[in-house]
Amino acid sequence: MTENEAKRQSFYDIAVVGAGHAGCEAALAAARLGFRTVIFTVSADSIAMMPCNPNVGGSSKGHLVREVDALGGEMGRNIDRAFIQSKMLNESTGSAVHSLRAQADKRRYSQKMREVLENTPGLFIKQAEVSELLFENDGSIAGVRTLSGWEYRCRAVILCTGTYLRSRCVYGEVSEATGPNGLKAATHLSSSLEAAGIRLLRFKTGTPARVDGRTIDYSRMEEQKGDEQITPFSFENTAEALERPQVSCWLTYTTEETHEIIRANIDRSPLFSGAIRGTGPRYCPSIEDKVVKFPEKARHQLFLEPEGLYTHEMYISGMSSSLPEDVQHAMIHSVPGLEKAEIVRNAYAIMYDCLDPAQLKPSLELKTISGLFSAGQSNGSSGYEEAAAQGLIAGINAARKLKGEAPLILDRSEAYIGVLIDDLVTKDNTEPYRMMTSRAEYRLLLRQDNADLRLTEYGYEAGLISEERYQAFLRKKEQIKSEIERVRNTYVGTGEEVQAFLERHGSTPLKSGASLEELIRRPELGYECLAEIDPGRPIYPREVYEQVEISVKYEGYIRRQMQQVEQFKKLEKKLLPEDIRYEDVGSLRLEAIQKLNRFRPRSIGQAQRIAGVSPADIAVLLVYLEQQKRKHTGHGER
Amino acid sequence: MSDVIAAISSGLVQSGIGIVRVSGDEAAAVCDKVVSLKGMRLRDAEPNRFHYAHITEGGRILDEAMVVFLKAPHSYTAENTVEIQCHGGPYLMKQVLGAVLRAGARPAEPGEFTKRAFLNGRLDLSQAEAVMSLIRSENEFAREMAMRQLRGGVSAVLQEIRRKLLHRAAGIEAALDDPEHYTPEEMTEGLEAELTGWLVQLKDMADTFDNGKMIAEGIPTAIIGRPNVGKSSLLNALLGEDRAIVTDTPGTTRDTLEERLRLGPMTLLISDTAGIRETQDKIEQIGVDRAEKKARESDLLLLVTDGSRPLTKEDRALLESTKEKKRLILVNKCDLPPAKGTDWQKSAGKNPVIHISARTGQGLSKLREAIETLYDYGEITQKPLVVTSLRHKLLLEEAQASLREAQKSMAAGIPEDLITIDLMAAYRSLGLILGEETSDDLIDAVFRDFCMGK
């Protein structure tokens, strides 16, 4: 027996609690940056499990995955390994909101992620329930203790507990103390967190039923195929390399009968009996919520999505519910194509504890406990992608903390990840937070197509992007730049060929010469079609062409946003001292003092976004900062 | 980099000289768009010296002024600063400030000059507390004022437009966030017509600014005319018609620069009344120059002629030089036999001609009616939608600009996700008028108005 075993103690640098989408990214980042990392899961077979929808990406979530990839995270690469359908959404609208979504083979996604974890040096998986946090005398984190009493001493802990903390699954009169998919709940850690002075919230979310695909009548549904031309999530991959047969999803609708069944049984919803407490996400309303809230809608869309190639199970997207089993049966059978469907798993609502994210710094470290980080649903977000994005940032920042480096903080003008984290730590969140394009005020700059251009540099600096990939990125950047230069300075004359071309595209003929840039800007033309009258065009990858087209076409809008960003950055850079006492500032309104104390913002910019802090309060703070600065530097009088 | 801010720094009271202060890195460049110096640009002019200049907008001269360019750090804010010293009087000062703001400055926040002065090290440490308390108190005062200036009807209409704007934007956002439920096309159906409607509403409202403000504050008026046509008697007659003189005791008017004169329900602010009386005593040389100057300083001109005599060269010159102004042609002495062969209406062009007798009081009620018509008095007072704050007017203009941008984008087939950016910009501008916070409105509206999600 070794000494360690006798003490029932082991030593790591970083411990990650939970192996969902946040936990995997956090642990991978930590280990890849050279730290001995342990990752805990209640079941080693549920690593990177997708307990709800069988897809990754979608509107604005696709952006997050792209950004995770650009920073050197794993989610993009992993969905590229596991997708069974690829689709670019919003293609009819502007490029800023094009959004990639892929249907996943759930088991393959989980297996592939596990392989990556297992093959990462310095990363170790433990199946155990973490029940307690351990602290140093100065209050900073010292490690975790598992239910069995083993202590894992480390210098940073990242909580990625998902929906497992004191979780409870409910449908109808059934209420079980389990985590998602019937997995074991984590019932002990919450009290340890509370004992450490951490405020917890009680949130809820839900998932729809799964049915047996063999019992579905697809002839009564509309087929939803993937794109012919697939798009990889990872900037490392090419479409050609990922070619594979795709499977379809199926569209059907609820009926008046479905709504009748729901209305007749609404009083049997656990929401009415009070069995469900906690706030659900507005983005994923249950079908009963939709029917009650939008009585004028005669039908609601339902998508049948395959859970994977390994199974007949189909996920009924749009029908999340916590109604009793018999009601679920009746309403599913009232849907065209599902009349005879055999239900594999019932829909359920799940309630769980999460941290009030107002307690976090933008680095995702807790303000009050040095070395304790938190990411994902345990921060009150919802969704795999939101979780992965936070996990990656928490992993990077835990590693940087141990190295004594400043944290990586992306701001709202740089990434959806920046918007996500800033919203979490700056707003009063009363429901699970889902990313949405409308949350990103600079979304024209934050496109999924340019995530690499925005973030590869950060990933490289952080140490998660290989030299080879970085060099490729620099080449791409250079190509875009030189091609924009070229179209700006290449003029086409009023020759017959040009005029005929314009006429064919319904475009006004030229009176005098024009640059290619000007022509690209015409709504009816674009970079691609101009190839015909642009013989000098160099051969570059498609992604380069795409960037040129977007940069030229929306230049006016892009420039306007860049100007706004410039203003925005000024206040982001004005940092507030961590120990500032707002009570002592004077001339701040009482409400402002309370809010500032609750959120303890990092910068003036963040302070400005807190509801209840007025422009006048900000002006007062600026004057106060200057006063303090002069006091300390002794340049008080002039 | 500091952006350019501007405000009237001498206070909005009747005074000899009013100062519009403009501060920020590009203060001179902004002012160059409205300040015309002889033969050079302000930014090239010798700093810290007064220069004579015309303040112009759209080719129109608003005022003559003395302008000084104070180069950083030698100014109150320690930034590049331009101070425009123009003729005092709220009307003219607001005109000049408005021109500077349209040229690219933004209105200074309450206490902002002082804030900048402190941040730039111009005020010493001991003054910090005072600066902070000044910022707070000025903001509270300004908020209260803004609320008072916002009449009930205006806020109701703005709220309604905002509600609809938000609903539109939320619809587009819902389609972007949940493209399988909604399409952007269905969400923008009929939007063009709606945009046009909002633009008309906002424009009408902004247009009430000048008239509405003047009804509230008084119409800056000048009485002009060659000597001996009866200007002074007209003034006396007007004063006599209604003794409710708001300022000053009768009899001391000789020394005041401005007289508040109640004409029925309206108030005229007659400037330079001392001047008008003086003219009785002197053999004067009031030529076109002086009339032009007066015309610039006022919104309404009462051009007086003598109906008992034929038009003189001087009359014609006055008629010609003021033809761009809002004016009434008053043909005085209608109690005397009219001069033969003078077609007054023809010489007045499209301006109303009113025959009066300052001596007998004949025609004065017609004069009042004519002024009411000129200022849409009936219309304005029945419309509750009167905008009286310059800041509100500017925000209304901003909102219109955003909506026009949205219109342009729609016409050019620009994608819907960019159009919501303009819609929300207009939404925010209108929100600033109402003093409403806007941060999460859009998301809330998306969920409230649309059935979203999986």
Per chain A, sqrt(5λ) over the Cα gyration tensor eigenvalues, sorted largest first, in Å, gives 40, 36, 25
Could I have the simple spin-label model distance between B:Glu129 and A:Gln224, label points 7 Å from Cα toward Cβ, reported in nm to one decimal?
-> 6.4 nm
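If r is the Cβ-Cβ distance from B:Ile17 to B:Met147 and R0 is 45 Å, what FRET efficiency results, to the nearest 0.05?
Numbers: r = 31 Å, r/R0 = 0.69.
That gives a FRET efficiency of 0.90.
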Net dipole in debye of the protein assembly as shown [+1 Lys, Arg Cβ; -1 Asp, Glu Cβ; about Cα centre; nearest 20] | 2620 debye
Quick one: check the C-alpha center-to-center distance for segment B:113-143 versus segment A:313-347, whole angstrom.
-> 64 Å
Residues whose placed amide H lies under 5 Å from that of A:Ala104, excluding near-sequence neighbours = A:Asn55, A:Val56, A:Ile84
Can you tell me the FRET efficiency between A:Ala177 and A:Asp356 if r is taken as the Cβ-Cβ distance and R0 is 22 Å, rounded to the nearest 0.05?
-> 0.45
Give me the net charge of A:His329's neighbourhood, meaning all other residues with Cβ under 12 Å from the Cβ of A:His329; Lys, Arg count +1, Asp, Glu -1.
-> -3
Built amide H within the under 5 Å cut-off of B:His355, gap 5+ | B:Val331
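Please work out the Kirkwood hydrodynamic radius for segment A:126-228, using every pair of different C-alpha atoms, and report it in angstroms with one decimal place.
On the way: mean 1/r = 0.0584 Å⁻¹.
Computed over segment A:126-228, the radius equals 17.1 Å.
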Scaled to the compact-protein estimate 2.2 N^0.38 Å, what is the alpha-carbon radius of gyration of the protein assembly as shown, rounded to two decimal places?
-> 1.14
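Of the peptides B:95-104, B:420-429, A:473-482, how do they stack up when ordered by the mean number of other Cβ atoms within 10 Å, highest first? Provide the component values of the computation, followed by the final result.
Details: B:95-104: 21.8, B:420-429: 23.9, A:473-482: 15.7.
Going by the mean number of other Cβ atoms within 10 Å, highest first, we get B:420-429, B:95-104, A:473-482.
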What list of ³J(HN,Hα) couplings, whole Hz, do you get for segment A:581-596 from phi and the Karplus terms 6.51, -1.76, 1.60, once you set θ to phi - 60° and write x for glycine and proline?
-> 9, 5, 4, 8, 5, x, 6, 7, 6, 4, 4, 5, 4, 5, 5, 5
For chain A, what is the mean residue ellipticity at 222 nm derived from helices alone (per DSSP H run of n ≥ 4: -39500 (n - 2.57); sum divided by total residues; nearest 500 deg cm²/dmol)?
-> -11000 deg cm²/dmol
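Kirkwood Rh and Cα-based Rg: tell me the resulting Rg over Rh for segment A:305-433, rounded to two decimals.
Working: Rg = 19.8 Å, Rh = 17.3 Å.
Result: Rg/Rh = 1.14.
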With a 1.4 Å probe and every protein chain kept in, tell me what percent of the accessible surface of chain A is carbon plus sulfur.
-> 49 percent
Tell me, what ³J(HN,Hα) does each residue in segment A:475-484 have, in order and in whole Hz, if you take phi through Karplus 6.51 cos²θ - 1.76 cosθ + 1.60 with θ = phi - 60° and put x for Gly and Pro?
-> 4, 4, 4, 5, 4, 4, 4, 5, 6, 5
Would you mind getting the accessible area per residue of the protein assembly as shown, heavy atoms of the protein chains only, 1.4 Å probe, in Å²?
-> 41 Å²
Lys and Arg at +1, Asp and Glu at -1: add these up for the other residues within a Cβ distance under 10 Å of A:Glu67 and post the number.
-> -2
Over both sides of the A-B contact, add up the buried accessible area with a 1.4 Å probe and give it to the nearest 100 Å².
-> 5100 Å²
Full-stretch length increase - A:Lys629, A:Ala406 - with 0.36 nm per residue and alpha-carbon distance subtracted = 78.1 nm
Whole-angstrom gap from segment A:1-67 to segment A:189-204, using each part's C-alpha centre | 21 Å
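If you take each beta carbon of peptide B:108-121 and count the beta carbons of other chains within 10 angstrom, what is the mean? It would help to have the intermediate numbers written out before the result.
Working: counts 0, 4, 3, 4, 2, 0, 2, 6, 3, 0, 5, 6, 1, 4.
That works out to 3 on average.
Treating the beta-carbon of each Lys and Arg as +1 and of each Asp and Glu as -1, no other charges, what is the dipole magnitude of segment A:1-86 about its Cα centre, to the nearest 20 debye?
Values: 8 positive and 9 negative charges, 11 e Å.
Using only the charged Cβ atoms, the result is roughly 60 debye.
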Please list, in chain and number order, the residues 5+ apart from B:Ser2 or on another chain whose amide H is under 5 Å from its amide H, with Hs placed from the backbone.
-> B:Asp25
Calculate how large, on average over all directions, the projected area of the Cα convex hull of segment B:1-96 is; give the answer in nm² to one decimal.
-> 5.7 nm²
Using θ = phi - 60° and the Karplus relation 6.51 cos²θ - 1.76 cosθ + 1.60, list the HN-Hα couplings for segment A:311-325 in order, rounded to whole Hz, with x at every Gly or Pro.
-> 8, 8, 4, 10, 8, 9, 5, x, 10, 4, 7, 10, 6, x, 3
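The values are calculated or read from the model by the stated rules, or taken from the named source; none is laboratory data. Here the structure is a predicted model, which is why all the values come from computation and not from measurement. All Cβ positions, even for glycine, are placed from backbone atoms using ideal geometry, and neighbour counts span all protein chains on display. Surface areas here come from the heavy atoms of the whole protein model, side chains and all, with no ligands, DNA or RNA. Shrake-Rupley method; radii C 1.70, N 1.55, O 1.52, S 1.80 Å.
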